[in-house]
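What follows is a single structure, written as structure tokens, with notes after it.
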């Protein structure tokens, strides 16, 4: 293993939140490689966007906000979002000289000597005075566990493995999940599938009219309250509802978005409810979201009894050297930008020996 290398700050992850943090480090005088390093486990620029299914074109992306300092202009709405945003992130990294190191997997972060943090990777150890963690959720898809799941003779897959609607041609598909991905999958694959069934744990909430700044702040505040209490964060979308756009209205009218409550068990041939109803299926598509990918932080013992990491602003309450961006209330593209700036501001105070700012 290589010798330990010292920097002031390590940034883990080069998605929207990580790049925003790296940009603000650069703006405040930190030099890449000398003062900070960005480590990314993905093979190419683009964060989790590079893994999105090709039929998710840029024109269908909701709420993509530009990175700080460089607008995303002249994007072809018909191109896959993975290509558009991947190319944009690549230009961004080069324009600001961020020198992202990839693919590098961070296996663990531990407390070292002299108040430093040790970031362990297969390529060696980085020693830092502060950490910006921007690992997102894509690497930790959430799979509910139900009785009989192992007996199903068909195919089960999560959104993370969804490649497009063509693979479901002629098949009976059960889609589980009431978020944006679940509705997108349903509307897209329904014309190909022999039959579709939509199942959600809670009745979906559709939002009509514009989503203004006041409503956005209120939604973020609800998510922020959870992380302040040390509870696992919920997505901002879970408290905003689903936008009732033209495609969704048509799906409701056509009966594609005819929601059923969560089934009680999985059978070899499909799914079943306690009241005797059953649906035969060839595929169960779990559009059930993701959890924060924070396993590498386990040695620091940041989690609270409630299961989450208590955060003030972006700072982990249990260890002020650690900042979580793209986590909880900042898990949106505009939130990630703001969180990157706030984290760097707080880290500047920490390295200068000042007290952290009140959240």
What is the one condition in (1) surrounded by fewer than 20 Cβ atoms within 10 Å (Cβ to Cβ); (2) modelled with pLDDT of 95 or more that residue 346 does not satisfy?
-> (1)
Kindly provide the set of residues from region 255-292 that are farther than 23 Å from residue 154 by Cα, touching a residue at least 12 places away in the same chain (Cβ under 8 Å) and surrounded by fewer than 19 Cβ atoms within 10 Å (Cβ to Cβ), ordered by number.
-> 291
Test for residue 123: is it free of Cβ contacts under 8 Å to residues at least 60 places away in the same chain, surrounded by fewer than 20 Cβ atoms within 10 Å (Cβ to Cβ) and closer than 23 Å to residue 35 by Cβ = no
Hey, residue 153 free of Cβ contacts under 8 Å to residues at least 60 places away in the same chain, part of a loop (DSSP other than H, G, I, E, B) and more than 18 Å from the chain's Cα centre (by Cα) or not = no
Can you give me the number of residues within region 54-64 that are assigned to a loop (DSSP other than H, G, I, E, B) and surrounded by fewer than 15 Cβ atoms within 10 Å (Cβ to Cβ)?
-> 3
Pair list, Cβ under 6 Å, 6 or more apart: region 81-96 residue over 19 Å from residue 60 (Cα atoms), other residue outside any helix (DSSP H, G or I) | 90/45; 92/67; 92/70; 93/45; 93/100
Looking at this structure, is residue 290 in contact with a helix residue (DSSP H, G or I) (Cβ under 9 Å, 6 or more places away or on another chain) and within 30 Å of residue 150 (Cβ to Cβ)?
-> yes
Collect the residues in region 65-83 that are within 20 Å of residue 180 (Cα to Cα) and part of a helix (DSSP H, G or I), keeping them in residue-number order.
-> 81, 82
Of all residues in region 112-150, which are farther than 30 Å from residue 172 by Cα and part of a loop (DSSP other than H, G, I, E, B)?
-> 112, 116, 122, 123, 129, 134, 135, 136
Unique match (being within 30 Å of residue 169 (Cα to Cα), within 19 Å of the chain's Cα centre (by Cα) and modelled with pLDDT of 95 or more) among 286, 273 | 286
Does region 156-201 hold any residues that are part of a loop (DSSP other than H, G, I, E, B) and over 21 Å from the mean Cα position of the chain (by Cα), and which are they?
-> 169, 170, 171, 190, 191, 192, 193, 194
Give me the pairs, please: first residue somewhere in region 171-195 and without any contact (Cβ under 8 Å) to a residue 24 or more places away in the chain, second residue anywhere and buried (at least 24 other Cβ atoms within 10 Å of the Cβ) and assigned to a loop (DSSP other than H, G, I, E, B), beta-carbon distance under 6 Å, and either six or more positions apart or on two chains.
-> none
Report yes if residue 108 is in contact (Cβ under 8 Å) with a residue 24 or more places away in the chain and in contact with a helix residue (DSSP H, G or I) (Cβ under 6 Å, 6 or more places away or on another chain), otherwise no.
-> yes
Quick one: would you say residue 109 is in a strand (DSSP E or B) and either surrounded by fewer than 20 Cβ atoms within 10 Å (Cβ to Cβ) or touching a strand residue (DSSP E or B) at 6+ places or on another chain (Cβ under 8 Å) (or both)?
-> yes
Selection within region 87-106 - over 21 Å from residue 8 (Cβ atoms) and not in a loop (DSSP other than H, G, I, E, B) | 87, 88, 89, 90, 91, 92, 94, 95
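The values are calculated or read from the model by the stated rules, or taken from the named source; none is laboratory data. A quick note: this is a predicted structure, and the numbers were derived from the prediction, not measured. Positions of Cβ are generated from backbone atoms using ideal geometry, with glycine treated the same way; all protein chains shown enter the neighbour counts.
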